[in-house]
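Each remark here refers to the structure printed beneath this line.
The values are calculated or read from the model by the stated rules, or taken from the named source; none is laboratory data. Quantities reported herein were computed from a predicted structural model and do not represent experimental measurements. When we count neighbours, we look across all protein chains shown, and the Cβ atoms used for this are built from the backbone with ideal geometry, even at glycine.
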Amino acid sequence: MVEGIEVIRTALMAGAVPESLYLAAEGAGDPGLSELAARAAARGARVLELAPGVMARVADTVTPQPVLAVFPMVDVPEVPEGARLVVVMVDVRDPGNAGTVLRTADAAGVDAVVCCGGTVDPYNPKTVRASAGSLFHVPLVVGDDPVRVLDELAAFGLRRLGAVVRGGEDYATVEWTARIALVLGNEASGLPDSIPLDGTVAIPMAGRAESLNVGMACAVLCFEALRQRRSTMPR
């Protein structure tokens, strides 16, 4: 379920086709909604107008958007062949963080995101909203056992780097131009000791904060990878 004009428009632009689109009576006469409904209908979606007050009862938000749509799930069975940077979430529970990771991965040019067992459902409405449409851009793999997932990524030739609060290699000294699977753990407890890693990476901090939000840490690390990769590209 996707709420809001901008996220639904992003999904349509990415080629996703909604099964149905629902318009709130409160949005009647909005030209943006009319245009969106016409585009969805042209793709074969059912467009349904809701009676006053219905959207507030079915939407996930306290102040609902005037439109929501139901899309097919978009995950793919495996990481694309030749992927060079993959983000793996292990037991990331907060839907806002998971959505931010998806949005960051999209912005930084990550090749795929993998959600392992224990991680929040990537189709949770809050995750979808926090991704700001990036759910429809980044190849998404829904895995199960993180050990099996990481073993498979190693077999694909990716170096498995776990993000840790302290004790890891300084992220600025990591060779991010290599093929890497960046592994992000639980917001409170971090990564479990049982998962197979080839190394760990940390973000040095000058202040007194104990750690960064997992979405923010993902952004710092992925954009360092993008910076290094851009520096190797011919001008």
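Table: residues versus (1) in contact with a Gly (Cβ under 9 Å, 6 or more places away or on another chain); (2) closer than 25 Å to Gly118 by Cβ; (3) in a strand (DSSP E or B); (4) modelled with pLDDT of 95 or more.
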| position | (1), (2), (3), (4) |
| --- | --- |
| Asp193 | no, yes, no, no |
| Leu212 | no, yes, no, no |
| Ala217 | no, yes, no, yes |
| Leu221 | no, yes, no, yes |
| Glu224 | no, no, no, yes |
| Gln228 | no, no, no, yes |
| Arg235 | no, no, no, no |
Fill in: Residue list for segment 31-62, filter: under 28 Å from Pro95 (Cβ atoms) and either modelled with pLDDT under 90 or among the β-branched types (Val, Ile, Thr) (or both)
Gly32, Val47, Gly53, Val54, Met55, Ala56, Arg57, Val58, Ala59, Asp60, Thr61, Val62
Worksheet item: Across segment 54-93, what is the total count of residues that are farther than 28 Å from Ser189 by Cα and assigned to a loop (DSSP other than H, G, I, E, B)?
Response: 18
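Quick test for you: out of Gly96, Gly118, pick the one residue that is farther than 20 Å from Glu224 by Cβ, outside any strand (DSSP E or B), over 12 Å from the mean Cα position of the chain (by Cα) and of a type outside the set (D, E, K, R). Break it down into steps so the answer makes sense when it comes.
Details: Gly96 fails: over 12 Å from the mean Cα position of the chain (by Cα).
Just a single option satisfies the conditions, and that option is Gly118.
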